[in-house]
Amino acid sequence: MPGGALPMVPFNPFNKGEVITCDAMRQSLKNNETSLRLSDGCGWILVHQMNQIPIVDGNWTLVVMNSVGVAMRRLPIDRQDCKTSTLFNPGEMVRCDKKIKSTQGTTFYRVAGKEGWVFDNFGDT
């Protein structure tokens, strides 16, 4: 693509309470607005209200127990439009280096060496 631009990825608006990961923040001095750059590279969002959730560093190895496998997500959100083409098969071991618990109680783990996330169990504590 010209100038190294990333391809456009269809994406639906975020729902209240969904967790996003960002790698940059801009504060507008003119109108006191905050913009966050999504860590998957798909763009910037304007934020009106934000709660920060801690991301825990560590080393985890997850084993895929789902009989159809688990698709990696671009962001720690379990939605169809966040799935990537990377699929981890049943019984496959997935090494992870960060974890975050969503406001809905689902724990997401960042796949080590990749810009993607997998989830543990829905609502698992």
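Taking every protein chain into account, the accessible area of region 16-119 amounts to 62 square angstrom per residue (probe 1.4 Å). Taking amide H atoms as placed 1.01 Å from N in the peptide plane, the amide H of Gly43 lies under 5 Å from those of Leu38, each 5 or more residues away in sequence or on another chain.
Counting only C-alpha contacts under 8 Å and six or more residues apart, can you give the relative contact order of the chain as a whole percent? Working shown, then result.
Details: 231 pairs, mean separation 25.8, N = 125.
Dividing the mean separation by the residue count of the chain yields 21 percent.
Compactness ratio of the chain: Cα Rg over 2.2 N^0.38 Å, N = residue count? Write down the numbers at each step before the final one.
On the way: Rg = 15.6 Å, N = 125, 2.2 N^0.38 = 13.8 Å.
Dividing the Cα Rg of the chain by 2.2 N^0.38 Å gives 1.13.
Counting only Cα atoms, I'd like the Rg/Rh figure for region 84-125, Kirkwood definition for Rh. Checking Rg against Rh, the ratio lands at 0.97. At a 1.4 Å probe radius, carbon and sulfur cover how many percent of the accessible area of region 9-101? The nonpolar share, carbon plus sulfur, comes to 51 percent.
Amide hydrogen proximity for Gly116: with H placed 1.01 Å from N in the peptide plane, the residues at 5 or more positions away or on another chain lying under 5 Å are Val111.
The values are calculated or read from the model by the stated rules, or taken from the named source; none is laboratory data. Quick caveat: nothing in here was measured; it's all calculated off a predicted structure. Calculation scope for accessible area: heavy atoms of the full protein, side chains included, ligands and nucleic acids excluded. Shrake-Rupley method; radii C 1.70, N 1.55, O 1.52, S 1.80 Å.
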